[in-house]
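The values are calculated or read from the model by the stated rules, or taken from the named source; none is laboratory data. Everything numeric here is computed off the predicted structure, so don't read it as measured data. Every residue, glycine among them, receives a Cβ derived from its backbone with ideal geometry; neighbour counts consider all protein chains shown. Areas reflect the complete protein model, heavy atoms only, side chains present, ligands, DNA and RNA absent. Shrake-Rupley method; radii C 1.70, N 1.55, O 1.52, S 1.80 Å.
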Amino acid sequence: MNTASKIAKESTITFSGLVYGNINRYLYTALLARWVGPEFLGIYSLANAIMLISEVIAKMGLETGVMRFVSQLNPQIDNAKIQKVIGSALKMTFISSLIIMIALVISSGSIVKMLSESSFLKYVIIIFSIAIPFNALTSVAAFATQGFKRLKYKIFVTQFINPTVLLLAMVLCYWFVSTKSAIMAPMFIVGVIGFISMISILKSVSGLNHQQILQSRFDAKLFRFSYPLMFVTMLQTFMHWIDILMLGYFVDAGVVGLYHPAARTAGLLQALLLSFLSIYAPMASQYYGEGKVGELSSIYKLVTRWLLICAIPISLVFIIFPKKVLLLFGPEYLESAQILIILTMATLIQAFLGAAGPTLSMSGRTKLVLFNTIGAFIINILLNIFLIPRYGIVGAAWATFISLTLIGLVRIVEVGFILKMNFVDLKILKPLLSGIVTYQILYSIKPYIMHYHTLVTLGIAGIGGVISFGLLIWLLRIEDEDKDFLNGLGTVSYTHLTLPTILLV
């Protein structure tokens, strides 16, 4: 199987899981928004942001580090080395995550006072904190299996098991226990079940056992590579959630609750970015390590083009029909329509420029990536401080848009100068031109379909946008490597998504 087909096959496995996972999480957010209201949804959003940022610190960048180190070793020859790397990563993660959990539990009261929120937020933060060690270990174990260039295990746990458990636990808690339990309990339940599932799979794939993890030594080389990425990921996570946190600081949880559905919807496009970059990252690491710069440049362009092809039709529906999309959460969230447009444009640009980040990381430029992210983070903070007091949630959205765009542009320039690689060629014009024409088509039919039920309107717009965009791409002629990519899509069978053997016995 050639490179294009390999990327297509693995990306499809990832994307199918991400689609399922994001649909479950989106339904979770929509039901929670309707059942608990903007204020409690805002409290959930604040606690979730704090938990995710703390998780990043707990992992210390080891998830990316273990993926890179494992992907550069041969499982048939270097299995003992692979087990030592994975064992060391898990042990370091366990120790750091316990420290972070204890620190967060102790400081929960101070955080609530700083945000001037109700005492209920403190209890949510404490429960979410207890889930951090489970979530951190699950993530590192999942990335370790990704280093074997097999994505189905990671996708099965993180995008099938976890979202399903999250949604079911929330519904059951709301129906049979209480509203507050529906906010607090599901995150802890997901953490425990996800951890048990992922560790069992990792043991099956790598042959690692508990004794090896306990006896593993500190891997200084792995840590030196990983810790700059901790700051990168931490700052990126801060950038993703800083608007939520700063809205909570400057305004209140109710406003945060209005912002969250728009941010969650625009975040659906992240599934596309992650599905391609999940297989692109280890392949980029392998090609760079082997000195195959030409092959690396080719897949860099291919991934960027297909990110655009997949992201544009979805983005256009969000941009042209924002009020219909937000009606899924309830009429009280309609005032966030402008937020959805801004954040969707930000995510679309991120998808367009997103392959440059892992290209720099997998080529070993982790400190450069860190400096880039620090700069973007500082800009994001300053923009939020300046814009939120003046423009509220609209200011927070623009701060995110500007900072994400700037860091994307800086990264593609650096890839061009350092690695002599450029994703721009005539082929990239095809999805861009197709997107412009598709926008005109959807905008012209908007007055005729807006009076229908929300689901009907979005269904017509979504199907019409995909068909129109696909036909335009076909009329502009499909490239040979795109045909290989499409053939790779066709090679995906149900066997790639079967349950891991360890979970069936």
Given (i) 63, 59, 47; (ii) 93, 69, 40; (iii) 70, 60, 40 as candidate values of Cα extents along the principal axes in Å, which corresponds to the one derived from the coordinates? (i)
For Cα pairs less than 8 Å apart in space and 6+ apart in sequence, what is the mean separation divided by the residue count of the chain, i.e. the relative contact order in percent? 23 percent
Using θ = phi - 60° and Karplus 6.51 cos²θ - 1.76 cosθ + 1.60, couplings along region 324-334 (whole Hz; Gly, Pro as x): 5, 5, 6, 5, 4, 8, x, x, 5, 9, 5
Report the per residue volume, in Å³, of the convex hull enclosing the C-alpha atoms of region 250-400. 104 Å³
How big, in percent, is the set of alpha carbon pairs in region 283-330 lying more than 11 Å apart? 72 percent
What accessible area per residue, rounded to a whole number of Å², is obtained for the chain using a probe radius of 1.4 Å? 41 Å²
Computed over region 295-399: relative contact order in percent, which uses C-alpha pairs under 8 Å that are six or more apart: 27 percent
Helix-only CD estimate at 222 nm, as mean residue ellipticity for the chain, using -39500 (n - 2.57) per DSSP H run (n ≥ 4): -28000 deg cm²/dmol
Determine, for each peptide in 451-463, 154-166, 400-412, 381-393, the mean count of other beta carbons within 10 angstrom over its residues, then list the peptides with the highest first. 154-166, 400-412, 381-393, 451-463
Between region 315-376 and region 178-224, the Cα center-to-center distance that results, in Å: 29 Å
Let a ≥ b ≥ c be the square roots of the eigenvalues of the Cα gyration tensor of region 379-438; is it rounded (a/c under 1.5), or, if not, prolate (a/b larger than b/c) or oblate? oblate
Highest mean first, how do 356-363, 426-433 rank when packing is the count of other Cβ atoms within 10 Å averaged over residues? 356-363, 426-433
If packing is taken as the mean number of other Cβ atoms within 10 Å per residue, what is the order of 327-334, 77-84, highest first? 327-334, 77-84
With R₀ set to 51 angstrom, the calculated FRET efficiency between the beta-carbons of ILE130 and ILE463, to the nearest 0.05, is 0.70
If the viscosity is 1.002 mPa s and the temperature 20 °C, what translational diffusion coefficient in µm²/s does Stokes-Einstein give for region 168-219 when Rh comes from Kirkwood over Cα pairs? 161 µm²/s
Can you tell me what percent of all Cα-Cα pairs in region 23-62 are more than 10 Å apart? 73 percent
Counting only Cα, what are the radius of gyration and maximum Cα-Cα distance Dmax of region 94-241, in Å? 17.2, 50
Read phi for every residue in region 209-221 and hand back ³J(HN,Hα) as whole Hz from Karplus 6.51 cos²θ - 1.76 cosθ + 1.60, θ = phi - 60°, with x for Gly and Pro. 10, 4, 4, 5, 5, 5, 8, 5, 9, 5, 9, 5, 5
Pairwise Cα inverse-distance average, inverted: Kirkwood Rh of region 337-458 (Å): 16.9 Å
Does region 11-169 come out rounded, prolate or oblate, given a ≥ b ≥ c as the square roots of the eigenvalues of its C-alpha gyration tensor, rounded meaning a/c under 1.5 and, failing that, prolate meaning a/b above b/c? oblate
